[in-house]
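These notes are about the structure you will find just below.
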Amino acid sequence: MTTTRLETGSTAPDFALRNQDGDEVTLASLRGRKVVLYFYPAAMTPGCTTEACDFRDSIASLQGAGYDVVGVSRDEPEKLARFAERDGLTFPLLSDPDAAVHRAYGVWGEKNNYGRIIEGVIRSTFVIDEEGVVALAKYNVKATGHVARLRRELGID
């Protein structure tokens with residue numbers, strides 16, 4: 001299955017998803033702010049925990065540079081709440097159980113998982129500007145070191 005990927009300059013697809021507290025969050029509600037929207041396979045797994053904790057540890061510098069961080073997975077809000085509580089995550093984690101938003105962003109599809117081709121979440125990050133336009137689209141990112149690379153690309157110390 002081939003998914004359409006977003007590129008710099010694309011309009012970021014809007015969404016309405018529930019966060020870890022069960023509240024609805026829309027991309028439209030974040031207009032006027034820069035957003036780092038990242039998709040990860042599953043809460044509380046080793047790689048996803050590493051990535052989430054890296055975002056947590058970088059949240060002050062990202063927010064100081066005007067970026068909000070939002071994570072998206074297929075996990076239900078209850079599991080996201082446990083993840084946020086367990087690891088002290090202070091940014092929204094959104095639940096996309098049917099992967100509709102994953103598909104809209106081109107992050108659901110075939111991937112190589114330890115030599116096997118499977119269908120699933122392609123770990124990816126998007127930087128969306130204040131107008132809702134994709135400023136940066138990164139597909140197939142590695143959990144470890146990704147946030148540091150992203151900060152360098154954005155010029156954030």
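Please work out which residue is modelled with the highest pLDDT, limiting yourself to region 9-24 and to residues that are of a type in the set (S, T, N, Q) and assigned to a loop (DSSP other than H, G, I, E, B).
Selected residue: 20.
Can you find, within region 139-153, the residue that is surrounded by the most Cβ atoms within 10 Å (Cβ to Cβ) among those that are of a type outside the set (Lys, Arg) and touching a helix residue (DSSP H, G or I) at 6+ places or on another chain (Cβ under 9 Å)?
Taking the candidates together, the pick is 147.
Yes or no, residue by residue, for (1) of a type in the set (Phe, Trp, Tyr); (2) within 27 Å of residue 31 (Cβ to Cβ); (3) touching a residue at least 24 places away in the same chain (Cβ under 8 Å); (4) not in a helix (DSSP H, G or I):
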| position | (1), (2), (3), (4) |
| --- | --- |
| 42 | no, no, yes, yes |
| 59 | no, yes, yes, no |
| 72 | no, yes, yes, yes |
| 84 | no, yes, yes, no |
| 90 | no, yes, yes, yes |
| 102 | no, yes, yes, no |
| 106 | no, yes, yes, yes |
| 109 | no, no, yes, yes |
| 119 | no, no, yes, yes |
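Conditions first: (1) of a type outside the set (Lys, Arg); (2) part of a strand (DSSP E or B); (3) over 12 Å from the mean Cα position of the chain (by Cα). Residue 125 passes all but one, so which condition is the exception?
(3)
Tell me which residues, restricted to region 129-142, are within 19 Å of residue 51 (Cα to Cα) and of a type outside the set (D, E, K, R).
Listed by number, the residues that qualify are 136, 137, 139, 140, 141.
Tally time: how many residues in region 29-40 are in contact (Cβ under 8 Å) with a residue 24 or more places away in the chain, more than 14 Å from residue 101 (Cα to Cα) and not in a loop (DSSP other than H, G, I, E, B)?
Result for region 29-40: 4.
The values are calculated or read from the model by the stated rules, or taken from the named source; none is laboratory data. Here the structure is a predicted model, which is why all the values come from computation and not from measurement. Every residue, glycine as well, gets a Cβ built from its backbone with ideal geometry; the counts of neighbours run over all protein chains shown.
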